[in-house]
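Take a look at the structure set out below.
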Amino acid sequence: MNVKVPAEFPDPALIHDHLRKVMTHGARASVLATYAPELVDLLVPGADTALHGRAYDAEQAIRSGISAMPSERAEALRILFELSSPTHTSLESRRRSAARRLGLHPTTFRKPHHEGILVLDLAISVYAHLRGNGGAVNA
């Protein structure tokens, strides 16, 4: 089946690239508005709408994408994107915690076939959420 996606939906690869960049600071709305307005624009277009309101909507889209993932992977993503705790921790500390949640050594977790695929799955899940498909991504 060949499904044509309307132009208003961002490419999952582009979402992935922006998610990788945003990992340094996290994905809370205030952080997205400050450090990743391009991701906000990508997920919630609307130049005539206030950035901070759209940043909140972008955070909710990311949270929805995460929630559609299997529970252990979802919790690792919440940790990685600093959505499970209101206090700021370093990316390295969050990577260690996410790796622990998945039962992996932090060095192993950093490899593209673990962290990279996890973030790509999130990008695809966010894409599916934006399209209205619920964002379900299998384990």
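The values are calculated or read from the model by the stated rules, or taken from the named source; none is laboratory data. Quick caveat, the model's predicted, so the values are computed rather than measured. Positions of Cβ are generated from backbone atoms using ideal geometry, with glycine treated the same way; all protein chains shown enter the neighbour counts.
Taking first residues from the stretch 110-131 that are without any contact (Cβ under 8 Å) to a residue 60 or more places away in the chain and partners that are among the charged types (D, E, K, R), the Cβ contacts under 7 Å between residues at least 6 apart in sequence or on separate chains come to Arg110/Arg95; Leu118/Arg73. When Arg110, Arg131, Arg95, Arg63 are screened for being closer than 24 Å to Val44 by Cβ, touching a Lys or Arg at 6+ places or on another chain (Cβ under 9 Å) and charged (D, E, K, R), only Arg63 passes.
Residues being part of a helix (DSSP H, G or I) and surrounded by 13 or more Cβ atoms within 10 Å (Cβ to Cβ): count how many of those fall in the stretch 101-125. Full working, then the answer.
Taking the stretch 101-125 first, the residues part of a helix (DSSP H, G or I) are 101, 106-109, 112-125.
Among the residues that remain, those that are also surrounded by 13 or more Cβ atoms within 10 Å (Cβ to Cβ) are: 101, 106, 108-109, 114-116, 118-125.
Residues that pass the stated criteria total 15.
Checked across the stretch 17-27, the condition of being among the hydrophobic types (A, V, I, L, M, F, W, C), at pLDDT 95 or above and closer than 14 Å to Ser125 by Cα holds for at least one residue. Return the residue satisfying two criteria in turn: it lies in the stretch 75-94 and is crowded, with 20+ Cβ neighbours inside 10 Å and not acidic (Asp, Glu), and of such residues it is farthest from Lys21 (Cα to Cα). Filtering first and then ranking leaves Ala76.
Of everything in the stretch 21-71 that is in contact with a Gly (Cβ under 8 Å, 6 or more places away or on another chain) and of a type outside the set (A, V, I, L, M, F, W, C), the residue that is surrounded by the most Cβ atoms within 10 Å (Cβ to Cβ) is Gly65.
Within the stretch 59-84, the residues that satisfy the criterion of being over 17 Å from Arg95 (Cα atoms), in contact (Cβ under 8 Å) with a residue 40 or more places away in the chain and not hydrophobic (A, V, I, L, M, F, W, C) are Ser64, Gly65, Ser67, Pro70.
Of everything listed in (1) of a type outside the set (Lys, Arg); (2) closer than 24 Å to Gly132 by Cβ; (3) in contact (Cβ under 8 Å) with a residue 60 or more places away in the chain, the single unmet condition for Thr24 is (2).
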